[in-house]
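The numbers here are math on the coordinates, done by the rules we state, and not lab data. None of the values given here were measured: they were computed from a predicted structure. Every residue, glycine among them, receives a Cβ derived from its backbone with ideal geometry; neighbour counts consider all protein chains shown.
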Amino acid sequence: MLQKKICMVGAFATGKTSLVARYVQGIYSDKYQTTVGVKIDKKKMTIASQDLNLILWDIHGEDEFQKIKLSYLRGSAAYILVADGTRRDTLCTVFNLQAKVEQTIGSVPFMTILNKYDLTTDWELDEDDLDQLSQRRWPYCVGSAKTGLGVEECFKQLVQ
Amino acid sequence: MLDVPQPLIHFLATMVIQDRFPAYLQTTKEGRLLTAGGAWDRYHFNPLTGHQPVTDQLWFLAGLLPAPEAAIHIPFLQLEENIIAEVHIFAEPEQDWVILLDATAENAKQVLIQQKVNDLSLLRRKQSHGLDQAIQPDPVAAHNLDLPPEGERKFLTILLLKYFDLPKLAGERSVAHPIKQLDTDLSTLSPLIMDEGGLLYQSIGSAIVAIFGALPTTRHPPLQAVVASMRILELLQDHHRFSTADALCPWGLVLTSGTLIIGLQPVGFGRTLTVLGQPLDLALNLYDRIEAGTLIIDNLTFDQLDQMQNILYR
Ligand SMILES: Nc1nc2c(ncn2[C@@H]2O[C@H](COP(=O)(O)OP(=O)(O)O)[C@@H](O)[C@H]2O)c(=O)[nH]1
Ligand SMILES: [Mg+2]
């Protein structure tokens, strides 16, 4: 069967692990459990009546102590950049990481997801931030691992 | 290669095989399985069939083979809920090797540390984010407190900060946006408190209470509280140099120390921090005596600092 490796990258606690759990198992938890290293999941998917396996690499977040090892991205068919809409600085992390990733694995398709859209009162991103994404012609979506909003669509859009 | 005697090599190899559950396989450059052996059971990948594409069986290898020239090392690869492997992949001219070692226990240790680091970093962010979010019924804070439900006696230092509306005191018109000013000041001072392991506890009117010694720390609470206080006074003085008539910092501080009862009370779905004890009462009693730009230190805090100095400089 065709296998496609997809990596989740972004700052810590933006919701990478939660998005994968929502997408693969359909579950969500509010408890924060730090990922150290890489967590791998797979999800079967059918695109244009062809079965394929998505191999999802949930990579630990970027912070002062753990830097993302770019070698982990080797062989990725695509990647998802995850920002936390309630922490503007995580969008800067996304911009920085994307440049590094592209340097490492070349230009493969990617998608940006602005997660935690359910937290409307804490939402920090505004028009200017979205403009920055549009100006770069980056495909992005808002979503929530908690409610499931946009999650399925994000993966689907990426794979197509 | 290090010159290690044969018996020692044997001993080390036995130890690794016993404790780390090595599993290995060898593939062709086209990714077909040649040989496999070792503890594949441990990783729930058994049985493996020869001559078939290896990524069909070990799906996590998708994208990683054929092995690049430089060996790949993934220290922690979580395959299932409770199985974490250390993975090595390296190339030989005709075939590639994959080796797995069990790293579940080592990962658990690292997660503990990293979790604390990340939680504190999120908490710090939250506390430096302004008055409304700073004060605490906060799961992140609760998580870091490790308190038994019935509460605990702990040696803590209380820092009470009092805000003065100085222009008003001086008979001038009040600051245009006192709440906003307070908020800006709080964003300035809360990172200084967090840096020293303090926690913003409560805010009532123009008083803010922080506690030192509740979060995990390596240093003595009175010392941390004094360092934080000095830095706060210094920084806020700087901030207000141009905005107040007599260039005075509109904050006054009190430090008290002693054994307090500290606990987390269930409130609604969350838990709220409660602190009780004489040092807190003392700090509140001193409220009226606080002067702008000054720091009052109670006897016990002072004695503790003195003792520490003796230890340090004896
Ligand atoms: N409200 C809300 N919280 C979320 C959402 N996604 C993740 N979280 C929470 O954010 C924290 C970090 O999530 P996690 O998936 O571990 O982030 P990671 O470090 O990027 O893997 C956890 O406490 C999650 O419960 C979301 O869509 N909405
Ligand atoms: Mg994670």
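Taking the range B:107-118 as the range and being facing chain A (nearest Cβ under 7 Å) and within 17 Å of B:ASP195 (Cα to Cα) as the test, the residues that pass are B:VAL117, B:ASN118. Going residue by residue through the range A:50-63, is there one that turns out to be away from ligand 1 (no atom under 14 Å from the Cβ) and free of Cβ contacts under 8 Å to residues at least 24 places away in the same chain? There is no residue in the range A:50-63 that is away from ligand 1 (no atom under 14 Å from the Cβ) and free of Cβ contacts under 8 Å to residues at least 24 places away in the same chain. List pairs: first residue in the range B:276-287 and in contact (Cβ under 8 Å) with a residue 12 or more places away in the chain, second residue among the charged types (D, E, K, R) anywhere in the structure, Cβ distance under 9 angstrom, at least six positions apart or on different chains. Pairs that qualify, where the first residue is in contact (Cβ under 8 Å) with a residue 12 or more places away in the chain and the partner is among the charged types (D, E, K, R), are B:GLY277/B:ARG153; B:PRO279/B:ASP298; B:LEU282/B:ASP298; B:ALA283/B:ASP298; B:LEU286/B:ASP298; B:TYR287/B:LYS162. Every test in (1) within 13 Å of another protein chain (Cβ to nearest Cβ); (2) at negative phi; (3) not hydroxyl-bearing (Ser, Thr, Tyr) is passed by A:VAL9 save one, and that test is (1). Residue count for the range B:69-112, restricted to those that are out of contact with any strand residue (DSSP E or B) (no Cβ under 7 Å at 6 or more places or on another chain) and either of a type in the set (D, E, K, R) or more than 15 Å from ligand 1 (Cβ to nearest atom) (or both): 14. For the range B:29-61, a residue qualifies if it is within 42 Å of the chain's Cα centre (by Cα), surrounded by 13 or more Cβ atoms within 10 Å (Cβ to Cβ) and either part of a helix (DSSP H, G or I) or within 14 Å of chain A (Cβ to nearest Cβ) (or both), and the qualifying residues are B:TRP40, B:ARG42, B:TYR43, B:PHE45, B:VAL54, B:THR55, B:ASP56, B:GLN57, B:LEU58, B:TRP59, B:PHE60, B:LEU61.
Please pick out the residue among A:THR34, A:THR17 that is within 11 Å of ligand 1 (Cβ to nearest atom) and more than 8 Å from chain B (Cβ to nearest Cβ). Break it down stepwise before answering.
Numbers: A:THR34 fails: more than 8 Å from chain B (Cβ to nearest Cβ).
Step by step, each of A:THR34, A:THR17 is checked, and only A:THR17 is within 11 Å of ligand 1 (Cβ to nearest atom) and more than 8 Å from chain B (Cβ to nearest Cβ).
Looking across the range A:20-31, just one residue is among the basic types (Lys, Arg) and either within 8 Å of another protein chain (Cβ to nearest Cβ) or not in a loop (DSSP other than H, G, I, E, B) (or both), and that is A:ARG22.
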